[in-house]
Amino acid sequence: MINRECGVYQTTYEGDMALYPLPLARYSTLAVVVVLALLPLVLDSHMMSLANLMLLASIGAIGLNILVGYTGQVSLGHGAFMMVGSYTAALVTVRLGLPFWLGLPAGGAVAALVGAFFGIPSLRIKGLYLAIATLAGQFIIEWVINHSPWISGGVQSTIYVPTPTFLGWNINNEYRRYFMVLPVAIVAYVAAMNLVRSRVGRAFIAVRDRDVAAEIIGVDIFHYKLLAFAVSSFYAGMAGALWTYYLKIANYEHFTLATSVSYLAMIIIGGLGSVLGSVFGAVFITLLPIVLVYVVEGGAALFGFKYAAIADFLANLRLIIFGGLIILFLAIEPEGLFRMWGNVKRYFRLWPYSY
Amino acid sequence: MTAQLEIRGVSKSFGGVQAVSRVSFDVQQGEILSIIGPNGAGKTTLLNCISSVFHPETGAIVLDGRETTRLAPPRVAALGVARTFQNIALFRGMTVVDNLMLGRHIHMKNGVFRSMLYWGPGRREEVAHRQVVEDIIDFLEIEAIRKRPVGSLPYGLQKRVELGRALALHPKVLLLDEPMGGTNHEEKEDMARFILDVNDEWGTTIILIEHDMGVVMDISQRVIVLDLGAKIAEGTPAEVKATPQVIKAYLGTKATV
């Protein structure tokens with residue numbers, strides 16, 4: 001995380017190719033993990049629920065970034081792939097009685113299959129046209145799930161899931177749910193970091209940057225485009241399945257087109273082509289509306305307005321500020337929060353003796 | 001002696017334009033063959049046919065006795081054909097090392113799970129191929145820029161990195177499309193030296209498109225001349241230089257008033 005290369009000499013390729021080649025970066029990353037693990041000691045239940053939401057969004061955003069940021073295939077169907085994971089997890093839990101830790105990979109796997117299928121148009125079309133094709137995927141999946149009682153469990157399209165348990169431990173409050181979500185998020189993060197720095201990830205980037213050149217050096221772009229859809233949808237499916245176990249309910253309304261768009265917003269604001277950026281974006285988009293509630297309400301109280309009298313106005317004001325802030329961020333740093341973080345790191349690289 | 005690469009009556013047209021028409025020639029193992037000709041003669045199209053970017057309408061391309069005419073480009077690459085492009089086609093956001101590692105793609109086996117795990121066999125494979133890449137970095141004298149994103153490098157160095165990426169494939173046949181185009185005198189000399197060294201050390205067959213006649217005549221063993229899509233001459237540099245058709249294509253004929 002922190003760059004202080006001074007005095008570090010790599011003498012092996014293993015060392016040079018490590019995820020965090022610098023000792024200081026390793027320690028600071030470890031410190032972040034420790035802090036994350038200790039958060040429940042200091043935060044109240046409401047704050048823990050926010051942390052959970054951020055982690056859930058991070059998993060989905062990392063998945064979408066692998067597809068859009070790294071492989072360059074725009075997708076508006078991410079919400080639908082999460083929906084597939086969500087209902088799969090609910091069904092295997094309710095019908096087959098599988099525990100949540102088997103439901104997660106099941107949700108991911110089924111979503112990966114569906115995602116790869118809806119990725120087939122990417123072999124022919126690119127860019128905005130592909131976005132429209134995946135948009136069709138979003139609606140088709142939504143419609144199919146809604147209109148198949150076998151999948152969605154009836155008119156409300158809602159499946160209730162029993163409280164997940166792990167080795168006899170009931171995951172029934174925000175603190176316990178945090179420890180259900182956090183390990184999955186960490187594994188998802190590390191796996192994505194490893195993926196993008198090794199053979200498959202390089203092939204993804206090659207497909208994004210120069211598809212003709214990629215083919216010439218032996219990268220089968222059809223294979224890697226579908227693979228990117230599958231991996232990305234696996235992440236989406238896992239995230240969707242976690243939502244199901246988190247809310248103890250599977251409902252299509254959590255995974256509509258608006259969800260797809262907000263995940264796109266996360267990775268654009270966080271930084272396309274960056275795993276850490278996806279997390280930044282997920283945190284930003286999850287927190288901003290909630291922070292704005294406090295800010296706007298606090299501001300209203302400060303000026304002596306009664307909240308109930310201007311509730312409508314405040315709700316709209318919040319949306320306006322939300323949109324405005326996103327535009328502002330993109331105008332200041334089009335490459336996203338990850339780039340801002342990089343600039344801060346660069347500043348401190350030689351601090352306090354920078355020249 | 002059987003040829004390593006045979007081009008048999010290859011034709012390719014775009015709409016009404018006959019870019020390459022019925023070109024045939026053989027390439028021997030380990031030789032440096034130059035393709036020259038005026039702009040629009042069909043040199044790059046011919047190279048694109050050999051590396052399967054385009055599939056010719058008629059004719060066949062045979063590599064080591066195996067027809068590659070209709071194969072997909074990645075399959076041709078796996079059979080040992082690597083190339084560089086006239087307008088550099090590197091992956092601009094990636095570092096020099098990563099670009100060269102992509103050159104190792106066909107020799108690696110890591111799939112999604114091994115890549116995500118990056119431990120044990122997956123990691124060992126990455127490290128082993130990094131060593132191969134470092135040998136090439138060493139050979140091309142680009143150690144100092146190995147961690148730089150290629151987009152930030154000057155043009156001449158990008159040309160060199162692109163050669164490195166092609167070399168990373170350990171190709172049997174190396175196709176170079178104007179490796180010296182747009183570079184200065186020193187860079188040209190460096191590039192000529194690398195081409196000769198590659199040919200010398202690894203015995204790689206090299207097919208070269210180049211406009212600089214000095215370089216072409218110096219380093220190639222044989223020269224093929226294309227004009228308007230057709231082969232008009234073939235032979236050693238000295239023979240080609242003396243061919244009347246070549247003089248006509250390059251210099252034109254004496255004006256008659």
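Here are the numbers:
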{"read-out": "Matching entry among A:Val187, A:Val181, A:Val196, A:Val161 (being within 14 Å of chain B (Cβ to nearest Cβ) and open to solvent by less than 30 Å² (accessible area, probe 1.4 Å))", "value": "A:Val196"}
{"read-out": "Condition check for B:Met116: in contact (Cβ under 8 Å) with a residue 24 or more places away in the chain and either open to solvent by less than 10 Å² (accessible area, probe 1.4 Å) or within 8 Å of another protein chain (Cβ to nearest Cβ) (or both)", "value": "no"}
{"read-out": "Scope region B:33-67; condition out of contact with any helix residue (DSSP H, G or I) (no Cβ under 9 Å at 6 or more places or on another chain), free of Cβ contacts under 8 Å to residues at least 60 places away in the same chain and of a type in the set (A, V, I, L, M); matching residues", "value": "B:Ala60, B:Val62"}
{"read-out": "Residue under evaluation A:Ile290, criteria (1) within 14 Å of another protein chain (Cβ to nearest Cβ); (2) touching a residue at least 60 places away in the same chain (Cβ under 8 Å); (3) more than 17 Å from A:Ala111 (Cβ to Cβ); (4) open to solvent by 40 Å² or more (accessible area, probe 1.4 Å), criterion not met", "value": "(1)"}
{"read-out": "Complete set of residues in region A:164-178 that are open to solvent by 60 Å² or more (accessible area, probe 1.4 Å) and not polar (S, T, N, Q)", "value": "A:Phe166, A:Leu167, A:Gly168, A:Trp169, A:Tyr175, A:Arg176"}
{"read-out": "Inter-residue pairs, beta-carbon under 7 Å, first free of Cβ contacts under 8 Å to residues at least 12 places away in the same chain and in region A:175-196, second of a type outside the set (S, T, N, Q) and open to solvent by less than 60 Å² (accessible area, probe 1.4 Å), 6+ apart", "value": "A:Ala191/B:Met116"}
{"read-out": "Any hit, region A:219-228, residues being more than 10 Å from chain B (Cβ to nearest Cβ), open to solvent by 40 Å² or more (accessible area, probe 1.4 Å) and among the aliphatic types (A, V, I, L, M)", "value": "yes"}
{"read-out": "Residue check for B:Ile142: over 17 Å from the mean Cα position of the chain (by Cα), open to solvent by less than 70 Å² (accessible area, probe 1.4 Å) and more than 19 Å from B:Ala77 (Cβ to Cβ)", "value": "yes"}
{"read-out": "Any hit, region A:203-217, residues being away from chain B (no Cβ under 12 Å) and open to solvent by less than 40 Å² (accessible area, probe 1.4 Å)", "value": "no"}
{"read-out": "Matching entry among A:Phe255, A:Phe284 (being of a type in the set (Phe, Trp, Tyr), open to solvent by less than 60 Å² (accessible area, probe 1.4 Å), over 25 Å from A:Gly103 (Cβ atoms) and in contact (Cβ under 8 Å) with a residue 40 or more places away in the chain)", "value": "A:Phe284"}
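To keep it simple, each residue is scored yes or no on (1) of a type in the set (S, T, N, Q); (2) outside any loop (DSSP other than H, G, I, E, B); (3) at pLDDT below 95.
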position: B:Leu102; (1), (2), (3): no, yes, no
position: B:Ile106; (1), (2), (3): no, yes, no
position: B:Trp119; (1), (2), (3): no, no, yes
position: B:Gly122; (1), (2), (3): no, yes, yes
position: B:Val127; (1), (2), (3): no, yes, no
position: B:Arg130; (1), (2), (3): no, yes, no
position: B:Asp135; (1), (2), (3): no, yes, no
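The values are calculated or read from the model by the stated rules, or taken from the named source; none is laboratory data. None of these values were measured; they are calculated from a predicted model. A quick note on method: Cβ atoms are made from the backbone with ideal geometry, for glycine too, and the neighbour counts reach across all protein chains shown. Keep in mind that these areas ignore ligands, DNA and RNA; they rest on the heavy atoms of the full protein, side chains included. Shrake-Rupley method; radii C 1.70, N 1.55, O 1.52, S 1.80 Å.
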